[in-house]
Structures are given as C-alpha cells and as structure tokens.
1. Based solely on its DSSP helices, what 222 nm [θ] is calculated for the chain when runs of n ≥ 4 H residues each add -39,500 (n - 2.57) and the sum is averaged over all residues, nearest 500 deg cm²/dmol?
2. Within the set of other residues whose C-beta is less than 13 Å from the C-beta of V71, count the net charge using Lys and Arg as +1 and Asp and Glu as -1.
3. Using a basic spin-label model with each label point 7 Å from the Cα along Cα→Cβ, how many nm lie between T145 and Q69?
4. Quick check: residue separation of A155 and E241 times 0.36 nm, minus the Cα distance between them. What number comes out in nm?
5. Treat the chain as a sphere of radius equal to its Kirkwood radius over Cα pairs and apply Stokes-Einstein at 25 °C in a medium of 0.890 mPa s; give the translational diffusion coefficient in µm²/s, rounded to a whole number.
6. Net charge around E316, counting only other residues with Cβ within less than 15 Å of its Cβ (Lys, Arg = +1; Asp, Glu = -1)?
7. DSSP loop (so not H, G, I, E, B), at most 16 other Cβ within 10 Å: list which trypsin sites (Lys or Arg not before Pro) in region 83-159 pass both filters.
8. Arrange the peptides 63-72, 44-53, 234-243 so that the one whose residues have, on average, the most other Cβ atoms within 10 Å appears first.
Amino acid sequence: MIDRRRFIGLAAASALSPGPVARPASAQAPSVAWPRRVVRLVAPFPPGGGTDAVARIMANRLSEVWGQQMVIENKGGAGSNIGTDMVARSEPDGYTILIGSLPMAVNRHIYSSLPYDPIADFAPVSQLCIYPNLMVVPNSSPAKTVLEFVDYAKANSGKITFASSGTGTSPHLSGELFKRVTGIEMTHVPYRGVAPALNDVIPGRVDVMFNTMAGVLQQARAAQVRGLAVTTAERFPTAPEFPTVAEAGVPGFEVTSWYAFFVPAKTPAEIVKKLHADTVAVLAEPAIKERLAQVGVLVVGSTPDELAARLKSETEMWGPVIKAAGIKADG
C-alpha cells in the first residue's frame, strides 16, 4: 500500500505548470518544401474523446495553413500503444505525426514491455495545451458534491466502480489517486476510449469517471452527466463553473495533463522546425484558442526541448507512483 502523504506529494509534483504561451512563428522560420501531400495525424485512441477533439481542431487549421490535407487516423487500443507504435515505425519524413499525451510518460511503467521507446523513438515538436480531468457522475447518482460521493462510496464499500478511457491514462491515474487520498474503495473499469465509457456512465452502469475535459465537458454542460469538480489545483479558466477537487473537500489532490505533437525519430530537423513553427503560430491565433477553450483545454505551446524535458521528468516521476499503486496491464 502506498503511503498516503508520499502518493499525494508525488502526484501533485506531476501537475503541469503552464508552459510558455504559444507564440507566432518567427520570421526566421524554415522554408523547407514540406508538406507536399497528405499528412497523417495519428490519435492513439478511438474517435469521440478528448484527443480526437483537439486533433481535429489542429488538423483543420493546419490543413488551411499548408494547403495540404491533414487527416486524422484513429488507432486506439492497448492504452494508446497501438497507435503510438505505428508512428514510431513510420517513415521519418514528416508525413506521420502523433498527438501524444500522458501515456507517453507512463506506459513503460505499466506494461511489461513496449514495442517502442517513448523517448528514443520520437522527436518532440511542441506541447499543445494542458487540461484537468473533470469528475463526473450519472445524473441518477445521489452525490451532488465530491464529499457526498465520498460518503456514498464509504457507505457502499466494495460496490463502487470508476470508468476510464484505458489503463494508465490520466483518467485512470486520477481515479487511483482519488481512492488513496479519500480512503475509499473503487473498482477500475477500463474502456477502449471515452465514448464507450460514457455510454456506461450516463445510464449509471458505472458510478464515476475522471475524464479529460475535452471528452466530457460538453456532456456535463448539457446535463447528460453531473460534473462535480476538476482535478487541477485551481479552477480552470475554460470551465470556471466547476470547483476543484481540493476546494470541494479533498485537500492536496491535483492532476493536470497535456497534449503534444511528436514525430518519428530521425525526422529531418528542418521539417521538425517547420512543423513546430506552424504549430505554435496556429496555437497563437485567437480563434483557435477559443475553439480549444470550448472543449476545456488551455493553450500553452512549448519548444521541442521543453517538451522533451517534460516527457523525461514525468516518466521518471510517475514510475514509483505507479509501482507503489500496483497498476499493471497485460500486453
């Protein structure tokens, strides 16, 4: 059993501080003749979730910027490993891009082996945005606040279930942290993405889910599910109506996650530079910031080196947390 204070401290340390705000591409941006054909953006989760929402906003705008189509290819499964491995094995020519997230940092600690190396097999491009997870319950749940849910879980010990979009995802880790901070018992029910998880949360077949804002914010605002709190340390600017889990009565709880672009290692440096320049220029556009805010994420942007440092630090930090919590996956 993991020590409660140690678990809280380590998990809180993983929360991302906002990176540098996305900035317009420099006049010195590379002029490499790329892209000249369709670019694939691989989302390693099924359609309908937060990854998909952010990917489509970015792909639509970059297609306009380039005059070449950027198409989304959803390759879900194995906690994002199937899609991620596909990108790692792709030709390093800039025509296959990964939209990565927290599993890039944690899967090597959860799976007995990986077919790719999250650090050695990828070239980082830019962080895109950060986001909290939103704690949601079915409308039929008796819990209307976080503490009411804790009381309900304690009164029904051994019967409470929590959904996630897959083992080792940010929603899964959020639920595990919540269990340990509050001292409640919940059974993890992993799904192959957000959409099938929501299909069971909405009618009350599962009791609670901590999911990406982009995956459940609209459903919460439309009253399809009841939003209780966000997992960040402070109220999130794109959804200020929701209190934080800590504010709602669970001090010390904090989880923040991210989305970022990666390409296969050995992709030519000039292509990486151009993709980075175009990405941060798009992120700096007010219309794109607004569209991303509507799905619950906050634009931050970063340099490739900053993203590499983030991935390395989170990989090192989450290892002992996952081991102590006993989080494992087959495959």
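Each reported figure results from applying straightforward, stated rules to the coordinates on display, with no laboratory input. Quantities reported herein were computed from a predicted structural model and do not represent experimental measurements. Using ideal geometry, Cβ is built from the backbone for each residue, glycine included, and neighbour counts are taken over all protein chains shown.
1. On the way: 11 runs with 130 residues, N = 331.
One gets -12000 deg cm²/dmol as the mean residue ellipticity at 222 nm.
2. Numbers: positive: R37, R40, R56, K75; negative: D52, E73.
Charge balance in the 13 Å sphere: +2.
3. With each label placed 7 Å out from Cα toward Cβ, I get 5.2 nm.
4. Values: separation 86, 0.36 × 86 = 30.96 nm, distance 2.83 nm.
Stretched fully, the A155-E241 segment lengthens by 28.1 nm.
5. Numbers: Rh = 19.8 Å.
Answer from the Stokes-Einstein relation: 124 µm²/s.
6. Combined, the nearby Lys, Arg, Asp and Glu give +2.
7. Values: sites: R89, R108, K144, K154, K159; in loops: R89, K144, K159.
When the trypsin sites (Lys or Arg not before Pro) of region 83-159 are filtered for loop state and at most 16 Cβ neighbours within 10 Å, R89, K144, K159 remain.
8. Numbers: 63-72: 14.7, 44-53: 24.9, 234-243: 16.6.
Result, highest mean first: 44-53, 234-243, 63-72.
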